[in-house]
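Structure first, commentary second.
The values are calculated or read from the model by the stated rules, or taken from the named source; none is laboratory data. The structure displayed is predicted, hence computed values, not measured ones. Every residue, glycine as well, gets a Cβ built from its backbone with ideal geometry; the counts of neighbours run over all protein chains shown. Please note that ligands, DNA and RNA were not included when accessible areas were found on the heavy atoms of the full protein model with its side chains. Shrake-Rupley method; radii C 1.70, N 1.55, O 1.52, S 1.80 Å.
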Amino acid sequence: MSILRRGDRGSAVIEIRSALAGLGLLSSPDAELSTGRHVAVDVFDAELDHAVRAFQQQRGLLVDGMVGEATARALREASYQLGARTLSHQFGAPMYGDDVATLQARLQDLGFYTGLVDGHFGLQTHNSLMFFQREYGLFPDGICGPETLRSLYFLGSRVTGGSPHAIREEELVRSSGPRLSGKRVIIDPGRGGDDIGAIIQGPEGPLSEADILWDLASRLEGRMTAIGMDTFLSRPAGHSPSDAERAATANTVGADLMISLRCTSHRSPAANGVASFHFGNSHGSVSTIGRNLADFIQRELVARTGSSDCRVHGRTWDLLRLTRMPTVQVDLGYLTNPQDRALLATSQSRDAIAEGMLAAVKRLYLLGKNDRPTGTFTFAELLAHELAVEQAGR
């Protein structure tokens, strides 16, 4: 679809206005007194721009006031209420929506669902629904129709005291131990193929954004491999898969973690700094381990590079929502900013970034049992720590 922004007009703007009014973020159009019909306004004005931004903020989207593919999809998902349609697992055309998220939350309250409340009717939701149906004497077809809905509404909650998904994530990290050796990590360099991004001037000549991200991924992969980790890249050098395809690759590998590397840009050259993102949505569902790792990475990179701290944020982007393991996306800097551009252009800085990310992963698995100051772990010390843990375990 084409991107709609302030100043545009037409039937698509009317649909956006109607959807936001239905969500309570915009006043409903005035009723025409003679007929009682609603008069829809077809102009993307300042009021609509404000409502779009409020919706984007609420849903963990990029807040830019423009309605592109991601925002339009989120508006569609937000319009679905549980019971308005029959829900089921559909291969090739998965169902998304707030009705799915409500179903997941209800199954979670009853103790049948331990995944993220992400609004995606995948195989885990299907299996959880079948488990519920079987337990309560319903035909276990994994389809949420009227009879299943009635049973869900009549039953009380079983689970209290925290998110089962968070508990499961945290237990997986705890039980896997402090050693990095054997951990499986997907490294996802952005761009790729014909999508090379911005071109900047480095000390040794011009560099594309794709070159920077691939080089950084290679440095991180080399360090992780040397320390005994199993590492995988989300794409070949000459390809640029979609975020959904990158997530599918990660799920196929069955990794413990995924780290995605990105650069960003802004119309203002003053915008600068590093930010880290994990899955988190307006339903209160969050990847706890993803958030913890994002926080460790953010602190390490700010300490090691001196970049501005743009903090850690929960988002609902496909890459974060569709991966079955904790995933972090790191925006390493603005290539439209002279300082960030100069930082990312040097191999020394990319070494520091790779080392900081490895240290962050180590801190995640240490579970707070090491109080070394942020930014002080070196690769040599991490390697020595791994050997010490290995020898102690013999």
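Going by the conditions given, is Thr231 within 30 Å of His165 (Cα to Cα), open to solvent by 40 Å² or more (accessible area, probe 1.4 Å), among the β-branched types (Val, Ile, Thr) and at pLDDT 95 or above?
In short, no.
From the list Thr252, Thr225, exactly one residue is within 23 Å of Leu383 (Cβ to Cβ), free of Cβ contacts under 8 Å to residues at least 12 places away in the same chain and either within 19 Å of the chain's Cα centre (by Cα) or assigned to a helix (DSSP H, G or I) (or both). Which is it? Break it down stepwise before answering.
Numbers: Thr252 fails: within 23 Å of Leu383 (Cβ to Cβ).
None of the others qualify; the one that does is Thr225.
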*Does the range 116-132 contain any residue that is among the polar types (S, T, N, Q), in a helix (DSSP H, G or I), in contact with a helix residue (DSSP H, G or I) (Cβ under 8 Å, 6 or more places away or on another chain) and surrounded by 15 or more Cβ atoms within 10 Å (Cβ to Cβ)?*
yes
*asked:* For Glu245, only one of the following conditions fails: (1) open to solvent by less than 40 Å² (accessible area, probe 1.4 Å); (2) under 30 Å from Asp194 (Cα atoms); (3) outside any loop (DSSP other than H, G, I, E, B). What is its number?
replied: (1)
_I'd like to know if the range 30-51 contains one or more residues that are more than 27 Å from Leu152 (Cα to Cα), modelled with pLDDT of 95 or more and out of contact with any helix residue (DSSP H, G or I) (no Cβ under 8 Å at 6 or more places or on another chain)._
yes
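Go through the range 66-90 and count every residue that is among the basic types (Lys, Arg) and in a loop (DSSP other than H, G, I, E, B). Spell out the reasoning first.
Of the range 66-90, the ones among the basic types (Lys, Arg) are 73, 76, 85.
Add one more test, that the residue is in a loop (DSSP other than H, G, I, E, B), and what stays is 85.
Total satisfying the criteria: 1.
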*Would you check which residues across the range 203-226 are touching a helix residue (DSSP H, G or I) at 6+ places or on another chain (Cβ under 7 Å) and either open to solvent by less than 10 Å² (accessible area, probe 1.4 Å) or not assigned by the TED database to the domain that holds Thr323 (or both) and list them?*
Ile212, Leu216, Leu220, Met224
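Would you tally the residues in the range 355-378 being assigned to a helix (DSSP H, G or I) and open to solvent by 50 Å² or more (accessible area, probe 1.4 Å)?
0
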_Checking Arg150 against (1) in the same structural domain as Met229 (by the TED database); (2) surrounded by fewer than 16 Cβ atoms within 10 Å (Cβ to Cβ); (3) more than 25 Å from the chain's Cα centre (by Cα): exactly one of these is not met. Which one?_
(1)
*From Gly142, Gly111, Gly182, Gly137, residue being part of a loop (DSSP other than H, G, I, E, B), of a type outside the set (Phe, Trp, Tyr) and free of Cβ contacts under 8 Å to residues at least 24 places away in the same chain*: Gly137
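Regarding Ala270, is this residue part of a loop (DSSP other than H, G, I, E, B), in contact (Cβ under 8 Å) with a residue 60 or more places away in the chain and open to solvent by 40 Å² or more (accessible area, probe 1.4 Å)? Full working, then the answer.
Working: part of a loop (DSSP other than H, G, I, E, B): yes; in contact (Cβ under 8 Å) with a residue 60 or more places away in the chain: yes; open to solvent by 40 Å² or more (accessible area, probe 1.4 Å): yes.
So Ala270 passes the test.
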*Select, from Leu344, Leu293, Leu261, Leu332, the only residue that is open to solvent by less than 40 Å² (accessible area, probe 1.4 Å), under 27 Å from Ala198 (Cα atoms) and outside any strand (DSSP E or B).*
Leu344
*Using beta carbons and a limit of 6 Å, which pairs, at least six apart or on different chains, have the first residue in the range 273-294 and among the aromatic types (Phe, Trp, Tyr) and the second one outside any helix (DSSP H, G or I)?*
Phe277/His313; Phe277/Arg315; Phe277/Gln329; Phe279/Ser287
*asked:* Criterion first (polar (S, T, N, Q), at pLDDT below 95 and surrounded by fewer than 17 Cβ atoms within 10 Å (Cβ to Cβ)) does Gln108 satisfy it?
replied: no
